[in-house]
Each structure stands twice: as C-alpha cells, then as structure tokens.
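Trainee: Structure incoming, see below.
The values are calculated or read from the model by the stated rules, or taken from the named source; none is laboratory data. Predicted, not measured: the structure shown is a model, and the values here were computed from it. Heads up, the Cβs are rebuilt from the backbone with ideal geometry, glycines too, and the neighbour counts pull from every protein chain shown.
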Amino acid sequence: MLAIGYSPETDIPETTPNLKTTKWGSVIVESEETGLTSREDLYAAGDNVRGADLVVTAVAAARKAAASMHLKLMALREKKAAYTRSSSGVQTYPAPMSS
C-alpha cells in the first residue's frame, strides 16, 4: 500500500499488469466509493486516483476503499467456510477477525 505523494505514482501502472489508468497516469477505479480497480485484487484511492488533493479527501477515499476490501475479504471467508462445511460434512466456523 502506497500512501505518499502529490501525484499518481508512475511505477504502479508500469509494473502492474492489466491495471487501467488515464493518460495522466492516475488509476481508474470502478467508483470512489469502492476504490476497486480493473484488477479484482487491487484497490486505489487518494492521489493515485484523483491527482493532487487535500489529505482529508485522500483519507476519506482510503477509508471507503478499506471498507470495500473488508467486505470482499469477509465474503471470501464465508465462501471458504461454506465450502469447508459442505465438503467435510462437518459444520465449522472461522475464528472471528480482530479489528
């Protein structure tokens, strides 16, 4: 996770296959509410999406992206738990994640 700068980080698009960016190098996201990029495993927020802006704007966008990541991870965990229950015949529950 990169969280510094005043403009989009040029190394990220150059070294990240299948990441869609604008002609100025900012990362294209599904929406600023989710921060989800063209890669299902990568989220972006702040200067890498909007360009130079206020710190509070970047932090707010990062919080939204983090919430979206959390929802995805919880869904994956539930899917894994459901698979474990169905394949073993024994119902198991994953340990709660600490916050």
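Trainee: Among the residues of region 48-60, is there at least one that is out of contact with any strand residue (DSSP E or B) (no Cβ under 7 Å at 6 or more places or on another chain), part of a loop (DSSP other than H, G, I, E, B) and under 23 Å from Thr15 (Cα atoms)? Lay out the reasoning, then the answer.
Mentor: Kept after step one, since they are out of contact with any strand residue (DSSP E or B) (no Cβ under 7 Å at 6 or more places or on another chain), are these residues of region 48-60: 50-60.
Retained after the next criterion (residues that are part of a loop (DSSP other than H, G, I, E, B)): 51-54.
Those still in the list that are under 23 Å from Thr15 (Cα atoms) too: 51-52.
Yes, region 48-60 contains a residue that is out of contact with any strand residue (DSSP E or B) (no Cβ under 7 Å at 6 or more places or on another chain), part of a loop (DSSP other than H, G, I, E, B) and under 23 Å from Thr15 (Cα atoms).
Trainee: Working carefully through the options Pro8, Pro17, find the one that is crowded, with 16+ Cβ neighbours inside 10 Å and more than 15 Å from the chain's Cα centre (by Cα).
Mentor: Details: Pro17 fails: crowded, with 16+ Cβ neighbours inside 10 Å.
Going through Pro8, Pro17 in turn, the sole match is Pro8.
Trainee: Cβ-Cβ distance below 8 Å, separation of 6 or more or different chains: which pairs start in region 31-51 with a residue that is closer than 15 Å to Lys72 by Cβ and end on one that is among the β-branched types (Val, Ile, Thr) and not in a loop (DSSP other than H, G, I, E, B)?
Mentor: Sorted first by the residue in region 31-51, then by its partner, the pairs are Gly35/Val49; Thr37/Val27; Ala44/Val27.
Trainee: Check Ser99 against each of (1) of a type in the set (S, T, N, Q); (2) surrounded by 11 or more Cβ atoms within 10 Å (Cβ to Cβ); (3) part of a loop (DSSP other than H, G, I, E, B); (4) at pLDDT below 85 and name the one condition it does not meet.
Mentor: Going through the list (1) of a type in the set (S, T, N, Q); (2) surrounded by 11 or more Cβ atoms within 10 Å (Cβ to Cβ); (3) part of a loop (DSSP other than H, G, I, E, B); (4) at pLDDT below 85, Ser99 breaks only (2).
Trainee: Sticking with this one: State yes or no: is Thr22 within 14 Å of the chain's Cα centre (by Cα) and at pLDDT 90 or above?
Mentor: Details: within 14 Å of the chain's Cα centre (by Cα): no; at pLDDT 90 or above: yes.
In short, no.
Trainee: Which members of region 47-78 meet the condition of being modelled with pLDDT under 90 and in contact with a Leu (Cβ under 9 Å, 6 or more places away or on another chain)?
Mentor: Passing the criteria: only Asn48.
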